Amino acid sequence: ADAEWWFFEVGVVHLEGRPAAVGTPAVVPEPPSRLIPPLAGPALGRARPGDALAATAASFLRALLTGSGEVARYLAPRTAIAPVSPPPFAAVEVERTALVETTPDRSVLRVEALSTTAGGTDLRLVYELTLEQRGGRWEVRHLSGAPTLRHANPPPPDRATTTVPATDTPPTPPTTSSPTPGA
């Protein structure tokens, strides 16, 4: 019942115009609050009964994470998202949502889901889904585990950082040169 927060750090690069993790996350201490950018959109809240966006998100996440149902059934044309294999959860229930942005035919929905393993361990997961309306139903265009952030000027970093150009090949480590003795 008590909220417990864990903080993770993971390296990220841009590949084909999208962020991609380059390694596994590490548990780290809580960063200073000034370094945590605010999330875009309203706070998460209970989905209204009959909310078509929340219903589509729930069905899609169940198919994605439990193997119950076909993921492709919920996808917009020309969208490829494979189910997680093997399915890590026995049950997934959407508990809270927030409409980050919306137009009549496209919405970005932040979703908090309670996911339960076959052994009974609960884990809260948060996703953002870009959904498009077609033929009277909502379909998933994009899935992200990274929330949309409010546009703000971030504070300068507390430590040195390295900028890696976006490429599909691994970066070459930096080299240094030093004078050769006797030269």
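The values are calculated or read from the model by the stated rules, or taken from the named source; none is laboratory data. Because the structure is a prediction, the values reported are computed rather than measured. All Cβ positions, even for glycine, are placed from backbone atoms using ideal geometry, and neighbour counts span all protein chains on display. Areas reflect the complete protein model, heavy atoms only, side chains present, ligands, DNA and RNA absent. Shrake-Rupley method; radii C 1.70, N 1.55, O 1.52, S 1.80 Å.
Per-residue accessible area for residue 68 at 1.4 Å probe radius, Å² rounded to 10?
Rounded to the nearest 10, that gives 70 Å².
Report for the stretch 1-147 the percent antiparallel among DSSP-assigned beta bridges with both residues inside it, nearest 5. It would help to have the intermediate numbers written out before the result.
Values: 37 of 38 bridges.
The answer is about 95 percent antiparallel.
Dividing the Cα convex hull volume of the stretch 1-149 by residue count, how many Å³ per residue is that?
Numbers: hull volume 22.3 nm³, N = 149.
Measuring per residue, one finds 149 Å³ for the Cα hull of the stretch 1-149.
So how exposed is residue 70, as accessible area in Å² (1.4 Å probe, rounded to 10)?
For residue 70, solvent-accessible area is about 130 Å².
For residue 117, tell me the accessible area in Å² from a 1.4 Å probe, rounded to the nearest 10.
Solvent-accessible area, nearest 10 Å²: 40 Å².
How large is the Kirkwood hydrodynamic radius of the stretch 52-123, in angstrom, based on all distinct alpha carbon pairs?
Numbers: mean 1/r = 0.0773 Å⁻¹.
Final number for the Kirkwood radius of the stretch 52-123 is 12.9 Å.
May I ask you to give the solvent-accessible area per residue for the stretch 38-77, in square angstrom, as obtained with a 1.4 angstrom probe? Present the calculation step by step, with values, prior to reporting the outcome.
Details: 1960 Å² over 40 residues.
The answer is 49 Å² per residue.
List the equivalent ellipsoid semi-axes of the stretch 21-62 in whole Å, largest first, each obtained as the square root of 5λ for an eigenvalue λ of the Cα gyration tensor.
Numbers: eigenvalues 184, 62, 15 Å².
Semi-axes, largest first: 30, 18, 9 Å.
Label 7 Å along Cα→Cβ of residue 134; the stretch 85-116 residues with amide nitrogen under 15 Å?
105-107
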